[in-house]
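Report on the structure given below.
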There are 2 protein chains.
Amino acid sequence: MTGSRRPTLSDVAHEVGVSAKTVSRVLNDDGPTSARTREKVMEAVNRLGFQPNLMARNMRRGSPDSTIGLVVPDMGNPFFGTVAGGIEDAVRERGLTLLMGSSAEDPAQERALIETFLSRRVSALVVVPSVGAHHAYLGGVSSGPPVVFLDRPGSGLATDRVVSSNRSGAQEGTAHLLAAGHRRIGFIGDLPAGLYTRRERLAGYRAALADAGVPYDRNLVASGHDQGASAAATEGLLDLAEPPTALLAGNNFTAMGAVTALARRRRKDIALVAFDDLPLAEILEPPLTVIAQDPAALGAAAARTVLARLDGDRTRPRAEVVPTRLVPRGSGELPPR
Amino acid sequence: MTGSRRPTLSDVAHEVGVSAKTVSRVLNDDGPTSARTREKVMEAVNRLGFQPNLMARNMRRGSPDSTIGLVVPDMGNPFFGTVAGGIEDAVRERGLTLLMGSSAEDPAQERALIETFLSRRVSALVVVPSVGAHHAYLGGVSSGPPVVFLDRPGSGLATDRVVSSNRSGAQEGTAHLLAAGHRRIGFIGDLPAGLYTRRERLAGYRAALADAGVPYDRNLVASGHDQGASAAATEGLLDLAEPPTALLAGNNFTAMGAVTALARRRRKDIALVAFDDLPLAEILEPPLTVIAQDPAALGAAAARTVLARLDGDRTRPRAEVVPTRLVPRGSGELPPR
DNA sequence: GTGAAAGCGCTAACAG
DNA sequence: CTGTTAGCGCTTTCAC
């Protein structure tokens with residue numbers, strides 16, 4: 001089954017007794033061909049199982065590879081999976097395929113991945129930049145593919161970006177807790193602390209507190225990157241001498257951690273609002289109030305931007321914000337006691 | 001920033017005043033080069049922002065593209081996201097990148113995707129086959145890349161496959177419910193009913209019933225593909241004249257549906273075991289007993305197989321089974337009442 | 001309608 | 001240590 005060389009265009013040509021160019025014409029519907037020739041060519045193509053070599057075609061045509069390179073920090077995170085699906089749906093009809101890699105939130109791995117993509121002559125690059133990564137090298141030279149930063153703005157390169165309304169979303173969620181009467185509200189953020197989304201959401205939280213005249217207390221800010229650490233961080237807040245009566249969780253994993261901690265402590269009296277929705281949010285007890293993101297829309301927006309650039313849009317870099325939506329379900333409406 | 005041609009190997013060569021081959025030698029560490037030449041070449045490479053064209057290199061070398069094509073039904077499903085991560089981790093050090101596309105569980109889209117991957121001369125193909133897809137065309141001709149079916153066996157092509165221990169896992173889960181004294185156990189399966197994983201898990205369920213001498217009652221089998229439909233199906237079971245006292249959910253989405261339905265009905269007395277783990281399973285009330293799959297291990301196993309084939313393994317097709325693990329947490333130990 | 005020659009960017013095979 | 005020639009599989013250009 002394996003072994004004999006893959007058939008080439010000229011194999012097909014020999015088989016039929018025509019020139020390679022004629023086969024090429026048939027396959028690409030390019031230039032006139034007699035019906036009879038077409039038939040014989042197609043027959044040979046099928047019989048030999050010929051598959052045109054896209055690398056060769058693209059090279060000759062000088063066109064970029066019909067792929068879009070996507071760099072995410074973590075493929076297992078459903079947030080990024082849904083983002084990828086959103087991109088793919090939007091570019092599929094243009095015949096573009098997703099080339100996807102994970103940076104593991106490591107600038108060096110991210111850069112290696114990007115260089116691979118560039119060497120592969122991808123049509124465009126969509127990047128969720130790692131903390132600490134710099135992207136100046138992408139703009140340094142001529143004629144690269146369009147680049148779009150997703151979920152977080154990149155650093156060192158002025159280019160298109162698509163992000164969620166992190167700050168206003170967090171502000172709205174915090175205001176929701178304040179409206180229920182809370183004055184001591186804890187914040188559980190992702191790590192590292194330099195992460196763009198964490199900073200923005202923390203800023204929104206602080207803005208809401210300021211609006212309400214509630215002083216910011218840094219003892220009420222805790223952190224964790226995964227569910228376990230976030231649960232521990234939450235328990236730390238609950239153990240304070242003056243513990244919070246409400247919590248704002250900064251993303252999906254910290255939300256799961258907070259929910260877990262509250263369940264372990266049987267603290268159904270603590271109000272909780274989470275940034276980013278969870279599949280079972282509605283049936284938690286109490287049902288989880290969230291600031292929902294729309295990851296598929298983020299992906300679709302990035303894809304639209306990319307396609308516009310490929311179509312020759314030369315206007316200045318766009319900064320698109322995909323709105324979040326407060327979904328009150330119960331956990332955010334608990335009063336302080 | 002865009003406009004001028006991407007620099008090529010001979011641009012660099014001209015710049016330095018050497019031949020293209022010398023530059024190639026420097027970049028590939030292939031053959032001897034003087035330190036001085038190397039320096040000048042690297043300088044020019046950096047100054048021009050030269051990036052070797054991988055398409056051209058692969059073509060000349062006759063090597064396949066250093067990518068692995070992955071076809072999944074749904075990128076947003078965290079199960080497949082984690083699988084993809086498992087593959088990527090395992091092939092990264094070999095310099096392989098993931099080319100990923102979604103078939104949306106549609107045989108036509110799946111085939112189109114596979115043909116694209118073949119045209120791109122991927123090094124290997126990992127496919128989660130859609131229901132109703134046939135893959136005979138993949139084996140028909142000579143010398144394609146190695147193909148591995150994942151999560152489900154493909155049809156019409158004898159090749160490597162990696163699946164979970166669906167049948168024995170479901171059997172174990174059902175036995176767990178039987179051991180708690182249940183005799184009326186409902187099954188909520190994925191759709192379409194022809195889906196391999198559903199069939200296997202249903203078979204495991206039936207085997208366990210048979211072992212215990214409990215007659216199979218097809219009225220206790222319900223179906224749904226997404227969370228909403230599965231919740232409705234679950235409610236249908238609860239509304240039977242002789243309702244089940246326990247449930248086996250066939251995958252992650254049906255599990256979420258079942259959990260939702262039980263929560264809506266406030267039926268904490270119904271025992272439930274779910275195939276595939278959920279992030280918040282431990283803090284549900286009662287905590288959810290699951291038959292856990294290991295999606296990262298599935299991906300890693302597929303990757304190992306692929307690499308072995310690339311390394312020349314010509315033995316007959318492997319059928320690897322990645323074991324599931326029963327994780328008792330409470331919901332499966334509830335007695336019938 | 002069809003074919004022959006040239007070349008995309010790179011490296012293998014041989015020179016020197 | 002370095003250069004020349006040829007050619008990967010395909011399409012462009014121009015010829016018939």
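What follows is calculated from the coordinates using simple rules that are stated; it is not laboratory data. Since this is a predicted model, take the numbers as computed values, not measurements. Cβ: placed from backbone, ideal geometry, glycine included. Neighbour counts: every protein chain shown.
Values computed for the structure shown
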| quantity | calculated |
| --- | --- |
| Positive-end residue of A:Val321, A:Thr234, A:Ala292, charge dipole of chain A with Cβ unit charges | A:Val321 |
| Peptide A:114-123, shielding by other chains (average Cβ, 10 Å cutoff) | 4 |
| Chain B: relative contact order in percent, alpha carbon pairs under 8 Å with at least 6 residues between | 17 percent |
| A:Ser143 versus A:Arg183: modelled label distance in nm, points set 7 Å from Cα along the beta carbon direction | 6.6 nm |
| The stretch B:295-337 versus the stretch B:126-202: alpha-carbon centroid distance in Å | 12 Å |
| Relative contact order [Cα under 8 Å, 6+ residues apart], the stretch A:166-293, whole percent | 27 percent |
| Label geometry 7 Å along the beta-carbon vector: A:Asp106 inter-copy distances in nm | 3.8 |
| Shortest-first nm distances, B:Gly62 label point to equivalent points in other copies (7 Å, Cα→Cβ) | 3.0 |
| For the protein assembly as shown: rounded, prolate or oblate by the Cα gyration tensor [a/c cutoff 1.5] | oblate |
| Unit charges on C-beta of K, R, D, E only; dipole of the stretch B:115-214, Debye | 160 debye |
| Helix B:227-238 vs. chain B, principal-axis angle (Cα, 0 to 90°, nearest 10) | 20 degrees |
| Chain A - share of DSSP beta bridges that are antiparallel (%, nearest 5) | 10 percent |
| Average beta-carbon neighbours from other chains, 10 Å sphere, peptide B:132-139 | 1 |
| 3J(HN,Hα) from dihedral phi, the stretch A:75-87, Karplus parametrisation 6.51/-1.76/1.60, rounded to Hz, x for glycine, proline | 6, x, 5, x, 4, 6, x, 5, 4, 4, x, x, 5 |
| Descending semi-axes in whole angstrom, ellipsoid equivalent of chain A, from the Cα gyration tensor | 52, 20, 17 |
| Rough spin-label spacing in nm, given labels placed 7 Å along Cα→Cβ, for A:Ala308 and B:Arg337 | 5.8 nm |
| Size of charge dipole - chain B - debye, nearest 20, with Cβ of Lys, Arg +1 and Asp, Glu -1, no other charges | 760 debye |
| Space enclosed by the convex hull of the alpha-carbon atoms of the stretch B:242-334, per residue, Å³ | 105 Å³ |
| A:His134 paired with B:Arg218, simple spin-label distance in nm, labels 7 Å along Cα-to-beta-carbon | 6.9 nm |
| Ascending list, in nanometres, of distances separating the B:Ser143 label from those of the other copies (7 Å, Cα toward Cβ) | 3.3 |
| Cross-link partners of A:Lys268 among lysines (Cα-Cα below 22 Å; sequence separation of 8 or more within a chain) | B:Lys268 |
| Inter-chain Cβ neighbour average for residues A:254-263, partner chain, 10 Å | 2 |
| Net length gained if the chain between A:Arg318 and A:Ser19 were fully extended (0.36 nm per residue, minus Cα distance) | 102.8 nm |
| All lysines inside 18 Å of A:Lys21 as judged from Cα atoms, apart from same-chain residues fewer than 8 positions distant | A:Lys40 |
